[in-house]
1. Return the pairs, sorted by first residue and then second, in which the second residue is part of a loop (DSSP other than H, G, I, E, B) and open to solvent by less than 20 Å² (accessible area, probe 1.4 Å), the first residue lies in segment 190-209 and is over 23 Å from GLU160 (Cα atoms) and of a type in the set (D, E, K, R), the beta carbons are less than 8 Å apart, and the residues are 6+ apart or on different chains.
2. I'd like the full set of residues that are farther than 17 Å from VAL181 by Cβ, touching a residue at least 40 places away in the same chain (Cβ under 8 Å) and assigned to a loop (DSSP other than H, G, I, E, B), limited to segment 213-243.
3. Out of the residues in segment 293-312 that are closer than 14 Å to VAL261 by Cβ and of a type in the set (D, E, K, R), state the one that is surrounded by the fewest Cβ atoms within 10 Å (Cβ to Cβ).
4. Out of segment 150-164, which residues are assigned to a helix (DSSP H, G or I), within 18 Å of ALA308 (Cα to Cα) and open to solvent by 90 Å² or more (accessible area, probe 1.4 Å)?
5. Looking only at segment 99-130, how many residues end up being under 22 Å from PRO87 (Cβ atoms), out of contact with any helix residue (DSSP H, G or I) (no Cβ under 7 Å at 6 or more places or on another chain), not in a helix (DSSP H, G or I) and not β-branched (Val, Ile, Thr)?
6. Would you confirm whether or not segment 91-107 contains a residue that is modelled with pLDDT of 90 or more and in contact with a Phe, Trp or Tyr (Cβ under 8 Å, 6 or more places away or on another chain)?
7. Which of the residues belonging to segment 165-183 are of a type in the set (A, V, I, L, M) and not in a helix (DSSP H, G or I)?
8. With in contact with a helix residue (DSSP H, G or I) (Cβ under 8 Å, 6 or more places away or on another chain) and surrounded by fewer than 19 Cβ atoms within 10 Å (Cβ to Cβ) as the only criterion, which of ALA223, ALA232 stands out?
Amino acid sequence: MAANNRRMSGKKGAQVGSGGQRRRGLEGKGPTPPAEMRKGHKKNRIATAKAKQVQRRPVARGRGGKGTSEMVVGRNPVVEALREGVPASTLYVQQFIDNDERVREALQLAAERGGINLMEAPRPELDRMTNGLNHQGLVLQVPPYEYAHPEDLAEAAYDEGEDPLIVALDGVTDPRNLGAVVRSVSAFGGHGVVVPERRAAGMTAGAWKTSAGTAARTPVARATNLTRALEAYKKAGIVVVGLAADGEAEVGELDALEGPVVIVVGSEGKGLSRLVGETCDFRVRIPMPGGAESLNAGVAAGIVLYEAARRRA
């Protein structure tokens with residue numbers, strides 16, 4: 001009998017106080033992650049190797065130079081950036097992350113876009129990459145924007161048999177305003193936007209999102225010195241028109257909008273800088289019967305671009 005008891009004691013089975021561990025072990029763990037995210041998978045090794053090659057590759061500079069790379073952090077910002085078509089090179093996902101709806105959507109959007117490396121990284125590495133920001137386990141690497149040269153915009157217009165219609169921004173520092181201007185230029189058949197290299201908004205993820213995808217087909221050029229770039233346009237026979245609250249004429253009275261023109265928009269608070277204002281061939285104002293003191297750059301550019309498009313139709 002004792003021997004029989006010993007045999008029975010060695011038998012495995014559910015133990016008292018297991019807390020339902022066996023039942024939870026049978027529950028699903030969510031959808032299987034993409035092959036690029038599964039450690040040891042061939043596609044994961046290829047994605048890791050590609051990411052390392054990108055980091056080692058020297059940066060090729062365009063005629064207008066390149067901006068700096070950028071990180072979009074947090075689950076909602078990353079998903080929104082992917083939805084809006086913001087360029088991305090790598091999506092970093094924290095190891096053992098809670099696989100909620102936003103994480104699944106980010107992975108799905110990145111896979112559908114193609115060309116985006118999926119990298120799994122421990123939390124301390126993501127903390128280091130983002131300087132301690134609340135990344136929530138998702139970080140999107142946005143590559144540097146490749147700017148055109150101001151001359152490229154006019155040349156492209158002439159190649160299409162059209163008179164250049166270009167917007168230059170003077171002292172506009174909000175990327176959302178830049179994105180709105182890019183969107184208006186695209187909507188009204190313009191040929192690009194010129195921004196100064198310093199003290200001005202650049203093509204960040206915020207600008208890309210505000211442009212609603214139009215930044216993919218509307219070039220942005222960067223000028224080392226905006227005044228010299230405008231003078232070069234004038235020498236090439238392009239009229240430079242500045243928007244100013246105290247302009248000598250109203251926008252609707254300006255026949256120059258029918259030909260090759262650069263429209264210069266200043267900041268909402270300060271308007272055009274002195275040197276830029278002196279460089280303009282004309283300074284015009286937008287009539288505002290409502291009595292508003294000024295308009296933001298995106299709205300002002302849209303009004304003048306509409307007038308130019310109407311005259312050219």
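The values are calculated or read from the model by the stated rules, or taken from the named source; none is laboratory data. Treat the numbers as computed from the prediction; the structure is a model and nothing was measured. Here the Cβ positions follow ideal geometry from the backbone for every residue, glycine too, while neighbour counts run over all protein chains shown. Areas reflect the complete protein model, heavy atoms only, side chains present, ligands, DNA and RNA absent. Shrake-Rupley method; radii C 1.70, N 1.55, O 1.52, S 1.80 Å.
1. Sorted first by the residue in segment 190-209, then by its partner, the pairs are GLU197/GLY65; LYS209/VAL86.
2. Passing the criteria: ALA236, ILE238.
3. That would be ARG310.
4. Here is the first cut: in segment 150-164, the residues assigned to a helix (DSSP H, G or I) are 150-159.
Now restrict to residues that are within 18 Å of ALA308 (Cα to Cα): 153-154, 157-158.
Of everything in segment 150-164, just one residue is assigned to a helix (DSSP H, G or I), within 18 Å of ALA308 (Cα to Cα) and open to solvent by 90 Å² or more (accessible area, probe 1.4 Å), namely TYR158.
5. Number of matching residues: 3.
6. Here is the first cut: in segment 91-107, the ones modelled with pLDDT of 90 or more are 91-95, 101-107.
When the remaining residues are screened for being in contact with a Phe, Trp or Tyr (Cβ under 8 Å, 6 or more places away or on another chain), the result is none.
No.
7. Narrowing segment 165-183 to residues of a type in the set (A, V, I, L, M): 165-169, 172, 178, 180-182.
Of everything in segment 165-183, those that are of a type in the set (A, V, I, L, M) and not in a helix (DSSP H, G or I) turn out to be LEU165, ILE166, VAL167, ALA168, LEU169, VAL172.
8. Numbers: ALA223 fails: surrounded by fewer than 19 Cβ atoms within 10 Å (Cβ to Cβ).
Checking each option against the conditions leaves just ALA232.
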